[in-house]
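K.L.:
The structure that follows is given in the form of structure tokens.
Any read-out appearing in this document is the output of simple, stated calculations on the displayed coordinates, not a laboratory observation. Everything numeric here is computed off the predicted structure, so don't read it as measured data. Cβ placement follows ideal geometry from the backbone for every residue including glycine, while neighbour counts extend to all protein chains displayed.
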Amino acid sequence: MTDVEIIARAVNGNEAAQRALYEAHYAAAFRLAYLLLQDACDAEEVAQDAFVYVFRNLHRYDPQRASFWAWLRVALVSRCRNKRRRKQLSTVSLEMLTAAGEAPADPTPAGDPAGLLELRGTQQTVWEALEQVSPGARDALILRYYEGLPYKEIAALLSCSPDAARARVAHGKVQLRRLLTETVEGMAREAGIVRPAEVGG
Amino acid sequence: MKKMDKVHLQETELACSDGGEANVDTAEHLRWCARCRSVVAEYRWLGEQVVDALAAAAEAAPVPRPRWRALERRVIAGRRRRVAGWRASAIASVALAICTVLLLSSIVGATVAAQLASPEAVMTPLSATVVVAEGSVTPDATPTPIVSYGESVDAPSTPALGPIPTPPTPDA
């Protein structure tokens, strides 16, 4: 049974179809919410809220206009932004502040900063740096690089113009590059390595 | 563009140019500026790392079990609330309509009753008295009446004003 058939049945009140739709998209919805909010409890709550909205308004869904996931994503991103606004999350988490003071477990003996990053785990370092990027730019980066959306769709989700969405992605990347440069420099200092030149301009 | 050739491009412009989205001027600058090209390459590398980091974080996310029953309860409760809301508003609308009709009918009824109870309005002409001053009239002249309205009660019902007297001739 395709998504369209499941949705058609779900719209007609078929409980099994509704449940199948929910279970098919739940993990993806939770993951996106988790990336945007960086909190499992909040992500679960927001994902559930988005599904409640979607199922209450299933009769309004038009498969000709967008996929079910795209429709659900609109509700999800909107709720994530509202949730964050309500909680007034700080752009710098306490975890990061405390972790910043800790030395790496095993400083590399090599003199290569990229090697330092590898040793620590590039993905982990990038993820931690992403946590420090300003929320608007982070949302844009996640929608761009996780969801792979064009600027036009990012703009629609973030209620801004495509140019503004492009600028947010760019600013996010600039922030990220700066943060990673600082991280690498910090690690190099702790390892007693003097970098010959800065990574960035 | 000449100005741009002399200085390096802005970071945000370079950050946007990693996916082949550079405009003509930026592309021209990048063609000869090795430093900006290296920064763009760094941003391209960074973009790849972000893709990997986000995919890994999403994969590692502790996805809880879907709670269909809880969702169903909330959806059903929402529908019930909506139906109850519609019902309440419908009842309120009907009640309001009934109250309006009753109010209007009572107002109209009171007016009609008041009109029926009041005596018929009668239009009576005001009486008039004609006073003729003595000694101011020549024997042949017809006296000019002084007309005053509303003073005499037992005035005749005949028209109050008589014919206008003819003025006396100078020969008389």
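K.L.:
Need one number: nm distance between label points at residue B:83 and residue B:44, each 7 Å from Cα along Cα→Cβ, rounded to one decimal.
P.N.:
That separation, rounded to one decimal, is 6.1 nm.
K.L.:
Sticking with this one: If Lys and Arg each add +1 and Asp and Glu each add -1, what is the summed charge of the other residues whose beta carbon sits under 12 Å from the beta carbon of residue A:168? Kindly include the intermediate steps, with their values, before the conclusion.
P.N.:
Details: positive: A:138, A:144, A:166, A:173; negative: A:139, A:163.
Result for the neighbourhood of residue A:168: +2.
K.L.:
Shifting gears a bit: Please work out whether the stretch B:40-99 counts as rounded, prolate or oblate from its C-alpha gyration tensor, where a ≥ b ≥ c are the square roots of the eigenvalues and a/c under 1.5 means rounded, while otherwise a/b larger than b/c means prolate and anything else oblate?
P.N.:
Numbers: a/c = 12.51, a/b = 2.80, b/c = 4.47.
Because a/c hits 1.5 or more and a/b fails to exceed b/c, the stretch B:40-99 counts as oblate.
K.L.:
Continuing with the same structure: Among B:30, B:51, B:17, which residue has its Cα furthest toward the positive end of the charge dipole of the stretch B:4-60, with +1 on Lys/Arg Cβ and -1 on Asp/Glu Cβ?
P.N.:
Positive-most Cα among the choices belongs to B:30.
K.L.:
Could you point to the residue in B:75, B:113, B:92 farthest towards the positive end of the stretch B:68-118's charge dipole, with +1 and -1 charges on the Cβ of Lys/Arg and Asp/Glu respectively?
P.N.:
B:75
K.L.:
So what J values fall out for the stretch A:68-83 if you push phi through Karplus, 6.51 cos²θ - 1.76 cosθ + 1.60 with θ = phi - 60°, rounded to Hz, Gly and Pro as x?
P.N.:
Result, ordered by residue: 4, 5, 4, 5, 5, 4, 4, 5, 5, 5, 4, 5, 5, 5, 5, 4 Hz.
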